[in-house]
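The values are calculated or read from the model by the stated rules, or taken from the named source; none is laboratory data. Just so it is clear, the structure is predicted and the values come from calculations on it, not from any experiment. So basically every Cβ, Gly included, is an ideal-geometry build from the backbone, and we count neighbours across all protein chains shown.
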Amino acid sequence: MKNRRTCPNGHSYVKSSDCPTCPVCETLGAPKDGWMAKLSAPARRALESEGITTVKTLAGRSEREVLALHGMGPGSLPKLRSALKAAGLSFRKK
């Protein structure tokens with residue numbers, strides 16, 4: 001069942017899930033460049049909710065920890081590995 005909603009910024013949208021994220025606000029706030037711009041919105045939100053906003057903070061986590069985050073899928077791992085490699089870093093070993 002789809003529900004019409006309005007976000008605090010006044011954007012009207014329809015969602016069939018319980019996800020409270022406004023798609024208009026999400027698009028407006030999405031990074032245009034950098035490593036996080038390559039990720040899907042759910043994966044980006046998963047990292048941001050954990051305070052992971054730099055590759056350095058990402059390197060402090062293991063792949064298993066990152067995959068366990070709600071919204072993070074295995075398809076994001078190659079993008080994350082690439083971002084870490086470009087910075088001379090890698091995921092923390094277990």
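Assess whether Ser62 counts as being at pLDDT 85 or above and among the hydroxyl-bearing types (Ser, Thr, Tyr). Walk me through it before giving the result.
Values: at pLDDT 85 or above: yes; among the hydroxyl-bearing types (Ser, Thr, Tyr): yes.
Considered against the rule, which asks whether it is at pLDDT 85 or above and among the hydroxyl-bearing types (Ser, Thr, Tyr), Ser62 comes out as yes.
Filter segment 65-94 for residues that are of a type outside the set (S, T, N, Q), at pLDDT 95 or above and more than 17 Å from Lys38 (Cα to Cα) and give the result.
Listed by number, the residues that qualify are Glu65, Ala68, Leu69, Gly88, Leu89, Phe91, Arg92.
Name the residue that is farthest from the chain's Cα centre (by Cα), counting only residues in segment 33-69 that are buried (at least 18 other Cβ atoms within 10 Å of the Cβ) and among the charged types (D, E, K, R).
Across segment 33-69, the extreme among qualifying residues is Arg61.
Mind listing whichever residues of segment 37-94 are under 22 Å from Glu26 (Cα atoms) and among the basic types (Lys, Arg)?
Lys38, Arg44, Arg45, Lys79
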